[in-house]
Amino acid sequence: MYKRVLLKLSGEALAAGQGFGVDVARVHEVAGEIADVRAMGVDMAIVVGGGNFFRGVAEQARDMDRVSADHMGMLSTVINALAIQDALEKRDVHCRVMSAIAMHQVAEPYIRRRAIRHLEKGRVVIFAAGTGNPYFSTDTAASLRAMEIKADVLLKATKVDGVYTADPVLDKTAVKFDEISYMEILQRNLRVMDATAVSLCKDNKLPMIIFNMNRAGNIARVVSGEKVGSLVTA
């Protein structure tokens with residue numbers, strides 16, 4: 001079983017198919033799974049995306065300055081982080097939101113040593129606002145934070161069962177990889193994660209597991225070491 005994990009959640013996962021905004025019932029489902037994993041004694045950190053509100057590279061941002069659009073996307077992740085925090089606290093799980101963009105009234109500033117201390121005290125830590133820099137995705141933020149807190153593994157929650165040779169939704173002949181290297185992902189141009197994030201994990205030998213978030217109990221199964229999803233290694 002892994003001792004410390006970083007879970008990467010997409011903003012879309014919290015929208016539960018409605019496309020925009022936060023589905024409260026879905027957030028509570030996700031919080032329930034996170035609480036179950038924390039109850040197993042696992043240190044839990046989370047990076048959440050903001051695509052359910054705004055994405056800097058989306059069609060809606062095409063006429064905007066990229067820096068402004070990315071900052072809007074970062075602020076979207078803070079909304080999602082606060083929603084998860086609220087749902088976790090309703091389950092009596094101690095939780096902290098740490099933002100890469102200073103906003104003292106709603107979140108702590110991200111300080112690496114303080115984040116590690118929160119984890120050591122058994123708190124769930126949610127990292128918001130990406131890296132705080134434009135041109136970097138929340139995937140890259142997840143890789144960076146996972147390495148900074150010395151996580152054992154990066155868990156990437158998606159809507160598919162793992163890494164495939166092609167998009168399994170569009171290509172029914174796509175074949176799933178049980179295990180694949182970061183280099184092969186880059187060479188095959190498989191869009192499971194931002195290339196910068198993949199390179200960061202590869203260079204620092206951080207394993208990643210891509211798995212289906214829509215199956216109840218999958219987070220606990222992955223953390224327990226069950227063969228769920230696709231293992232990506234350096």
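The values are calculated or read from the model by the stated rules, or taken from the named source; none is laboratory data. Computed from a predicted structure; not experimentally measured. When we count neighbours, we look across all protein chains shown, and the Cβ atoms used for this are built from the backbone with ideal geometry, even at glycine.
Tabulated values for the structure
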quantity: Output for the stretch 97-126, where each listed residue is surrounded by fewer than 20 Cβ atoms within 10 Å (Cβ to Cβ) and in a strand (DSSP E or B); calculated: GLU108, PRO109
quantity: In the stretch 150-166, residue modelled with the lowest pLDDT [restricted to those that are surrounded by fewer than 19 Cβ atoms within 10 Å (Cβ to Cβ) and more than 20 Å from SER181 (Cβ to Cβ)]; calculated: LYS159
quantity: Selected residue (only one of VAL169, VAL198, VAL160 is in a loop (DSSP other than H, G, I, E, B), in contact (Cβ under 8 Å) with a residue 12 or more places away in the chain and of a type in the set (A, V, I, L, M, F, W, C)); calculated: VAL160
quantity: Every residue from the stretch 128-142 that is crowded, with 24+ Cβ neighbours inside 10 Å and within 16 Å of MET98 (Cα to Cα); calculated: ALA128, ALA129, GLY130, THR138, ALA141, ALA142
quantity: Single condition VAL222 does not satisfy, out of (1) over 15 Å from the mean Cα position of the chain (by Cα); (2) of a type outside the set (Gly, Ala, Ser); (3) in a helix (DSSP H, G or I); calculated: (1)
quantity: Options ASP63, ASP36: the member that is in contact (Cβ under 8 Å) with a residue 24 or more places away in the chain, farther than 18 Å from THR138 by Cβ, out of contact with any Asp or Glu (no Cβ under 9 Å at 6 or more places or on another chain) and of a type outside the set (A, V, I, L, M); calculated: ASP36
quantity: Residues located in the stretch 204-217, provided they are in contact (Cβ under 8 Å) with a residue 12 or more places away in the chain and either more than 15 Å from the chain's Cα centre (by Cα) or not in a loop (DSSP other than H, G, I, E, B) (or both); calculated: ASN204, LYS205, MET208, ILE209, ILE210, PHE211, ASN212, ALA216, GLY217
